[in-house]
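Note sheet for the following structure.
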Amino acid sequence: MKDLEKLGAELNKSGKGEKLKSIADSAEGKAISRMVDSARVEQAAKSGDTAALRDILSQVLSTDEGKRLAEKLKKAME
């Protein structure tokens with residue numbers, strides 16, 4: 001958990017945290033949020049189930065919203 005906190009602090013320090021929050025609040029971000037079972041993601045992350053996380057990500061990226069969101073994230077992280 002500390003690694004995620006450290007990552008969050010680094011993103012905020014670099015100014016990318018606000019960009020990511022804006023993307024999450026976008027139409028694509030909200031659409032993805034409705035598609036993804038957050039409890040499943042949390043359980044997979046806590047248990048280290050990379051196969052389940054990979055499956056969830058593949059499902060998201062197979063949608064038009066997911067593809068647009070991924071492109072926005074890629075640009076935000078440059």
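Ordered from largest to smallest accessible area (heavy atoms of protein chains, 1.4 Å probe), the residues 61, 69, 4 come out as 4, 61, 69.
Average accessible surface for the chain: 77 Å² per residue, computed with a 1.4 Å probe over protein heavy atoms with every protein chain in place. One chain, two ends: residue 57 and residue 41. Fully extended at 0.36 nm per residue, the span grows by 4.8 nm beyond their Cα-Cα distance. All other residues whose Cβ lies under 15 angstrom from that of residue 52 are scored, Lys and Arg at +1 and Asp and Glu at -1, for a net of -1.
Summing charges over all other residues whose Cβ lies under 15 Å from the Cβ of residue 23, with Lys and Arg as +1 and Asp and Glu as -1, gives +3. Carbon-plus-sulfur accessible fraction, the chain (probe radius 1.4 Å, protein heavy atoms only): 55%. With helices as the sole contributors, the chain gives -25500 deg cm²/dmol at 222 nm; each DSSP H run of n ≥ 4 counts as -39500 (n - 2.57), and the sum is divided by every residue. Just round it to a whole percent: the fraction of Cα-Cα distances in the chain exceeding 16 Å. Roughly 58 percent, once rounded to a whole number.
The values are calculated or read from the model by the stated rules, or taken from the named source; none is laboratory data. Just so you know, these numbers come straight off a predicted model, no measurement behind them. Every residue, glycine as well, gets a Cβ built from its backbone with ideal geometry; the counts of neighbours run over all protein chains shown. Side chains included, ligands, DNA and RNA excluded: accessible areas come from the protein's heavy atoms. Shrake-Rupley method; radii C 1.70, N 1.55, O 1.52, S 1.80 Å.
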